[in-house]
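Heads up, the thing below is written out as C-alpha cells.
Every read-out reported here was derived from the displayed coordinates using simple, explicitly stated rules and does not represent laboratory data. Since the structure is predicted, the reported quantities are computational estimates derived from the model, not experimental observations. Cβ placement follows ideal geometry from the backbone for every residue including glycine, while neighbour counts extend to all protein chains displayed.
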C-alpha cells in the first residue's frame, strides 16, 4: 500500500482524503488533542491551509504508506501545530491516518 | 458487517469493527460530548477504540446542530464551538457581525452573550451546517432536520446561559439509526 513520494503529491493526497472523510484517527489521537488543547477544527484548518509539509517517518507507517508532518495554525490563527499523518493506498483509494498532533509553541 | 479490517493500531494489533458504547467524543469536539452507541473500531490487542473520519465530521456537524437547537442562550464553550465550526477567528467573526473583537472574547471567557448576538451566531452556524450536512447526508433527511433547526431560530433566547455541557444524544441516535438501516451504512472506513 504505497503512499505519495513528494511533498506536493502528499499535500494533495492528504487534503483530498480529509475533505472527503477518507481518514481515520489513531487510537489516543483524541487524547493528544485534549492534552494539547486542540480539537478537530484546528486539525482540519491546519490541513486545509497549511504553512508547510515535510516527510515524517518516526515509525508511524503501519499501512505501508509514507509519513508526513503538516504544519499550520489553529482556527484562532494564534497557535502553530503540526499533524503527523500516514498517507497510504487501500483498495485503490487514497486514505490518511492521523497519528498525532504536535503543539509547536511548546516544542520550540 | 465484516469483523476485521485492513487497518492496524500503533501497538501492532489489528482493528476490528465494533459498536462503541458511551464513546467519549470530547477530545475531537473540544466540548463535552458522549456518543451513546456508535460504529467504530477496536484494537484486538490493546483494546483501544476510535471512529471513522467520516463519522467524526458528521458528529461534529450534529453537535453544532444540537447547540443551535438548544433553548437556552449560548454559554462560553458553545459560542466558541460554533465560531470554530464556522472556521473563523474571533476577529473574523466580529467583522462578520459588525461588532468589536473584545465582545467575542468576552462571550468566550464567560460574559453573557446578548440575545441578539446569540441569534445571529446561531443563524450563521445554522446556514453553515445546512451546507455541511448536505455534503454528508441524503438531502431529504437534511431538509427535515434543517426545518426543525430553523424553527428553533425563530425566537430570541431570553433564558440566561447555563453551564450544562452534556449534549443531548437524540440527534446522534437518530442519525445512527439511519446508518444502521440496511444499505445505508456507507460510512465505514
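Taking a ≥ b ≥ c as the square roots of the Cα gyration tensor eigenvalues, with a/c under 1.5 meaning rounded and otherwise prolate when a/b beats b/c, else oblate, which class fits the stretch B:76-127? Could the numbers behind the result be given before it?
Values: a/c = 1.23, a/b = 1.15, b/c = 1.07.
Taking the square roots of the gyration eigenvalues as a ≥ b ≥ c, the stretch B:76-127 is rounded.
In 10 Å bins starting at zero, report the fraction of Cα pairs in chain A per bin as a rounded %.
Per 10 Å bin, starting at 0, the Cα pair percentages come out as 16, 54, 27, 3.
Please give the helix A:7-19 orientation as an angle from the longest Cα principal axis of chain A, in degrees from 0 to 90, rounded to the nearest 10.
Roughly 80 degrees between the two axes.
If packing is taken as the mean number of other Cβ atoms within 10 Å per residue, what is the order of B:94-103, A:38-47, highest first?
On the way: B:94-103: 13.4, A:38-47: 22.8.
So the peptides B:94-103, A:38-47, ranked by packing, come out A:38-47, B:94-103.
Mind sorting A:7, A:51 by how few other Cβ atoms lie within 10 Å of their own Cβ, fewest first?
Values: A:7 14, A:51 11.
Arranged by neighbour count, lowest to highest, A:7, A:51 become A:51, A:7.
Could you order peptides B:15-28, A:87-100 by the average number of other Cβ atoms within 10 Å of their residues, highest first? Walk me through the numbers on the way to the answer.
Working: B:15-28: 17.8, A:87-100: 19.9.
Final packing ranking: A:87-100, B:15-28.
Averaged across the residues of A:70-82, what count of C-beta atoms belonging to other chains lies within 10 Å of each residue's C-beta? Can you show the working numbers first?
Values: counts 0, 0, 0, 1, 2, 11, 9, 5, 2, 0, 0, 0, 0.
That average works out to 2.
Relative contact order, percent, of chain A when contacts are C-alpha pairs under 8 Å separated by at least 6 residues? Let's see the in-between values first.
Numbers: 221 pairs, mean separation 34.4, N = 108.
32 percent.
Among B:114, A:17, A:49, which comes first, then next, by fewest other beta-carbon atoms within 10 Å? Intermediate values should be presented prior to the final figure.
On the way: B:114 15, A:17 22, A:49 12.
With the sparsest Cβ surroundings first, the list reads A:49, B:114, A:17.
Just rank A:68, B:107, fewest to most, by other beta-carbon atoms within 10 angstrom. Provide the component values of the computation, followed by the final result.
Values: A:68 27, B:107 24.
Ordered by Cβ neighbours within 10 Å, fewest first: B:107, A:68.
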